[in-house]
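I have placed the structure first, in the form of structure tokens, so that the comments after it can refer back to it.
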Amino acid sequence: MPRDQQSSIDRLPDDIREKLNEMLRDPRLTQIAVREKINAILEDDGHDEQLSYSAINRYKLKMDKVGEKIRQSREVAKMWIGRLGAEPQGEVGKLLNEMVRNLAFDSTVAMAEGEAPVEPKMLKDMAIAIERLERAASENVKREEEIRKRALEEAADRAGEAARAQGMDEAQARFWREKVLGVA
């Protein structure tokens, strides 16, 4: 199929294409049943074009392939994020950046082979989202560190005050304050 010619499914109105997607995800429906239902909807809406068995099959195979790639990406991400856990957010960001690079590479290969590539706008949006997530994660880490630091300072001050209230001299109160801070 030439690159500028849309498939019959690509030409469907968005609402009908969404119904097609829902039906194809329903394991109780065969592709034949889906074709019949979608063609009935098209006919009821006054559309001349009907979907062929092969168009639906090609579309289903394509969607299954995309779904499998998404599942694999999620599994890999879950494994790495689980492994990185509380490590610096930069490591997760590196992983996400690598995934976007791989998508860009796969998209370039797809274009070279005449297949539909990942939309450049989607890649751009993903890169922007990753950058924003990284920035937010970094700000969260800084905020948490600041909160912990303030809480520790308050606990240390209370320990010093409690030591003085128990009759300890200033050196002993400072010792216990520093002990709470982890300095002593």
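The values are calculated or read from the model by the stated rules, or taken from the named source; none is laboratory data. Small disclaimer: the values here were computed from a predicted structure and weren't measured. Please note: Cβ atoms are built from the backbone with ideal geometry, for glycine as well, and neighbour counts cover all protein chains shown.
Would you check if S54 is closer than 29 Å to D106 by Cα, outside any helix (DSSP H, G or I) and small (G, A, S)? Working first, answer last.
Working: closer than 29 Å to D106 by Cα: yes; outside any helix (DSSP H, G or I): no; small (G, A, S): yes.
Here the answer is no, as S54 does not meet what is asked.
Can you name the condition, by its number, that R17 falls short on among (1) farther than 22 Å from A116 by Cβ; (2) in a helix (DSSP H, G or I); (3) under 32 Å from the mean Cα position of the chain (by Cα)?
Failed condition: (1).
From G82, G160, grab the single residue that is on the phi < 0 side of the Ramachandran plot and either at pLDDT 75 or above or touching a strand residue (DSSP E or B) at 6+ places or on another chain (Cβ under 9 Å) (or both).
From the options G82, G160, the qualifying one is G160.
Could you pull out the residue among E146, E134, E119 that is loosely packed, with under 11 Cβ neighbours inside 10 Å, within 43 Å of the chain's Cα centre (by Cα), acidic (D, E) and at pLDDT below 90?
Matching residue, one of E146, E134, E119: E119.
Only one residue in V92, V100 is modelled with pLDDT under 70, among the hydrophobic types (A, V, I, L, M, F, W, C), assigned to a helix (DSSP H, G or I) and surrounded by 13 or more Cβ atoms within 10 Å (Cβ to Cβ), so which one is that?
Exactly one of V92, V100 is modelled with pLDDT under 70, among the hydrophobic types (A, V, I, L, M, F, W, C), assigned to a helix (DSSP H, G or I) and surrounded by 13 or more Cβ atoms within 10 Å (Cβ to Cβ), namely V92.
Exactly one condition in (1) part of a loop (DSSP other than H, G, I, E, B); (2) in contact with a Leu (Cβ under 8 Å, 6 or more places away or on another chain) is not met by I38; state its number.
(1)
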